[in-house]
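All remarks here apply to the structure that follows.
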Amino acid sequence: MPNKHNDARRHHIPEMKFRVTNWSIYEAGLRRRGSLTLWVNDEAIAPWRAPPRKTPGGQAHYSKTAIETALMVRLVFHQPRRQTEGLLGSLLDLIAVDLPVPDYTTISRRAACLTPVLRTALPDGPVTLVIDGTGLKVYGAGEWRRDKHGVRGRRTGRKLHLALDASTGTIVAATLTTSGEGDAGQVCPLLEQTEGPIDTVMADGAYDGEPTYQTVAERDPAAAVVIPPPSTAVLGLGADPTQRDRHSSFLPTSEVAPLV
C-alpha cells in the first residue's frame with residue numbers, strides 16, 4: 001500500500017487533454033512506428049574493410065565505419081553484442097549487401113579504442129560557440145568500501161568540457177579530463193573538433209587567460225572572445241590594449257575600443 005500521508009506533496013502527472021479525432025490517421029501513425037527502413041550507401045560500403053596496415057602489427061579486418069555501424073545498431077535496438085552480430089548480419093542479407101559482419105568480441109575490443117565523433121549539422125556561416133565545463137563523480141569499488149566498511153579513500157572525478165552552438169544549442173565538441181587539468185587548456189582541443197568559421201567564443205572566467213585568446217586567434221583571427229576576467233586580473237604589458245584588456249574594468253570608458 002502506498003503511503004497516503006505524502007500524497008499532497010507528490011508530483012501528480014496531469015491527465016492528457018489531447019483527444020483523438022481522426023482514428024484512421026492515428027492508427028496509421030502507430031503502424032509506421034514499427035516499420036523498419038535500412039539502406040547502406042556506397043560511401044559506407046567502400047571503407048567497410050580496413051585499409052592495409054603499413055606499420056608493424058596485425059592487420060585489422062574491419063574499419064572504424066564497420067564497428068561504429070554495429071554499435072549504432074546495438075544502441076538503436078537495445079541488443080547485447082551477440083544479438084547485435086546476428087541482427088546486423090540478417091539486415092545485410094535482407095538488403096543483399098555482401099559485407100562481412102564483425103563478431104561480438106571484435107565489437108567489444110574495438111569499441112574501447114574508438115574516439116567519439118560528433119557529427120553535427122551546423123548552420124551556414126560563422127557560429128557562436130559557448131564553452132563550459134562540469135564535474136563528474138566516478139563511482140566504483142572505492143565508494144562501496146567507504147559505505148560498507150567506513151574506509152576513507154581518495155575521491156575520483158572527471159570534468160566534462162562542452163562547446164555548444166549558441167543559436168541551435170547543438171553540442172559540437174566535447175573533451176573529458178581529470179580534475180587536475182586546467183579549463184583553459186581544453187579550448188584548443190574543443191576548437192580542433194569544430195568545423196567551419198567561428199564568429200564568437202564565449203566562456204566563463206575559468207577559461208580566462210592570454211593563451212585562450214591566442215588559441216582562438218590562431219584558429220580564426222577575426223573571431224571575438226567574450227570571457228569575463230576575474231577581479232584580480234591586470235592589464236597586459238604591451239603598449240596597446242589587447243582584447244582581454246578591453247574586457248577588464250581597469251580601462252576608462254573612453255579608452256575601451258569597440259570589438260569588431
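All of the numbers you see were taken from the coordinates with simple rules; none came from a lab. What you are looking at is a predicted structure, and each value in this text was computed from that prediction instead of being measured. Positions of Cβ are generated from backbone atoms using ideal geometry, with glycine treated the same way; all protein chains shown enter the neighbour counts.
Under a 5 Å amide H cut-off, with hydrogens placed 1.01 Å from N, residue 225 pairs with 201 among residues at least 5 apart or on other chains. Model label sites at residue 8 and residue 103, defined 7 Å from Cα along the beta-carbon direction, differ in position by 6.5 nm. If you take every residue apart from residue 206 with its C-beta less than 14 Å away from the C-beta of residue 206, what net charge results, scoring Lys and Arg +1 and Asp and Glu -1? Result for the local shell: -4.
Legend: calculated FRET efficiency, residue 111 to residue 158, from the Cβ-Cβ distance at R0 = 25 Å, rounded to 0.05, equals 0.85. The residues neighbouring residue 191, those whose beta-carbon lies less than 11 Å from its own, together hold a net charge of -3 under the Lys/Arg +1, Asp/Glu -1 convention. Does the range 35-111 come out rounded, prolate or oblate, given a ≥ b ≥ c as the square roots of the eigenvalues of its C-alpha gyration tensor, rounded meaning a/c under 1.5 and, failing that, prolate meaning a/b above b/c? Judged from the Cα gyration tensor, the range 35-111 comes out oblate (a/c at least 1.5, b/c at or above a/b).
For the range 35-111, the Cβ-based charge dipole about the Cα centre amounts to some 460 debye (Lys, Arg positive; Asp, Glu negative; other atoms uncharged).
Fewest first, what order do 105, 170, 37 take by the number of other Cβ atoms within 10 Å? Can you show the working numbers first?
On the way: 105 11, 170 15, 37 4.
So the ranking, lowest neighbour count to highest, is 37, 105, 170.
Sorting 130, 187 from the fewest to the most surrounding beta carbons within 10 angstrom yields 130, 187. Among residues other than residue 111 with Cβ under 15 Å from its Cβ, the summed charge is +3 (Lys and Arg +1, Asp and Glu -1).
Going from the fewest other Cβ atoms within 10 Å to the most, the residues 72, 202 appear in the order 72, 202. Averaged over residues, the count of other Cβ atoms within 10 Å places the peptides 212-222, 53-63 in the sequence 212-222, 53-63, highest first.
Between the residues 71, 40, 59, the greatest Cα displacement towards the positive end of the dipole of the range 31-83, with unit charges on the Cβ of Lys, Arg, Asp and Glu, is found for 71.
For residue 173, the residues whose modelled amide H falls within less than 5 Å of its own, excluding neighbours fewer than 5 places apart on the same chain, are 163.
Full extension of the chain segment joining residue 45 with residue 25 gains 3.5 nm, where the gain is 0.36 nm per residue of separation less the Cα-Cα distance.
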